[in-house]
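The values are calculated or read from the model by the stated rules, or taken from the named source; none is laboratory data. The model shown is predicted, which means the values in this text are computed figures rather than measured ones. FYI the Cβ positions are ideal-geometry reconstructions off the backbone, even for glycines, and counts take in every protein chain you see. Heads up: the accessible areas ignore ligands, DNA and RNA and are worked out on the full protein's heavy atoms, side chains in. Shrake-Rupley method; radii C 1.70, N 1.55, O 1.52, S 1.80 Å.
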Amino acid sequence: MYRGYVKLWRKVLDAGWLHNPNLWTFWCWCLMKASHKEMDIMVGLQQVHLMPGDFVFGRNAASLELKMGEQTIRTNLDSLRKRQNLTSKVTNKYSIVSIINWDAY
């Protein structure tokens with residue numbers, strides 16, 4: 001199934017991300033999960049509007065999918081927030097993660 005592609009910038013070599021395999025894996029996973037177009041999806045019984053670069057996120061689901069502990073997922077998410085690569089809007093059931101500068105990817 002063709003769903004598009006993302007760009008990977010060579011500057012990640014300079015940033016040292018490849019020296020942290022968990023962070024690199026998590027970042028690439030975020031890029032792949034992000035919506036490439038504006039869309040509405042159902043989360044449980046609630047309709048959620050996503051803009052390009054957004055995706056619905058849950059630590060438990062990410063942990064299972066990436067085969068990483070929830071603490072590792074939380075640490076990676078916090079690291080990418082601090083580096084200003086993404087933002088998140090939290091609800092009591094899920095989070096919406098947004099890739100900053102999505103158009104570049």
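For the reader, a short list of remarks on this structure follows.
- Neighbours by Cβ (under 7 Å, 6+ apart or cross-chain): first from region 24-51, touching a residue at least 12 places away in the same chain (Cβ under 8 Å) and among the small types (Gly, Ala, Ser); second in a strand (DSSP E or B) and surrounded by 12 or more Cβ atoms within 10 Å (Cβ to Cβ): 34/54; 34/55; 34/99; 35/50; 35/54; 35/55
- Residue that is farthest from residue 66 (Cα to Cα) [pool: residues in region 1-40 that are under 13 Å from the mean Cα position of the chain (by Cα), of a type outside the set (Val, Ile, Thr) and in a loop (DSSP other than H, G, I, E, B)]: 36
- The sole residue among 10, 3, 83 that is modelled with pLDDT of 90 or more, open to solvent by 80 Å² or more (accessible area, probe 1.4 Å) and out of contact with any Gly (no Cβ under 7 Å at 6 or more places or on another chain) is 83.
- So residue 12, is it touching a residue at least 60 places away in the same chain (Cβ under 8 Å), of a type in the set (A, V, I, L, M) and over 25 Å from residue 91 (Cα atoms): no
- Selection count, region 15-45, where residues are open to solvent by 90 Å² or more (accessible area, probe 1.4 Å) and under 24 Å from residue 91 (Cα atoms): 6
Rundown of residues vs (1) touching a helix residue (DSSP H, G or I) at 6+ places or on another chain (Cβ under 8 Å); (2) in contact (Cβ under 8 Å) with a residue 40 or more places away in the chain; (3) not polar (S, T, N, Q), yes/no style:
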{"residue": "56", "(1), (2), (3)": "no, yes, yes"}
{"residue": "59", "(1), (2), (3)": "yes, no, yes"}
{"residue": "70", "(1), (2), (3)": "yes, no, yes"}
{"residue": "79", "(1), (2), (3)": "yes, yes, no"}
{"residue": "83", "(1), (2), (3)": "no, no, yes"}
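- Region 86-105, subset part of a loop (DSSP other than H, G, I, E, B) and closer than 14 Å to residue 30 by Cα, residue most open to solvent (accessible area, probe 1.4 Å): 101
Conditions tested, residue by residue: (1) hydrophobic (A, V, I, L, M, F, W, C); (2) over 18 Å from residue 7 (Cβ atoms).
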position	(1), (2)
25	no, no
28	yes, no
37	no, no
40	no, yes
43	yes, yes
67	no, yes
78	no, yes
93	no, yes
102	yes, no
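- Residue match in region 50-64 (condition: touching a Leu at 6+ places or on another chain (Cβ under 9 Å), open to solvent by 30 Å² or more (accessible area, probe 1.4 Å) and closer than 22 Å to residue 4 by Cβ): yes
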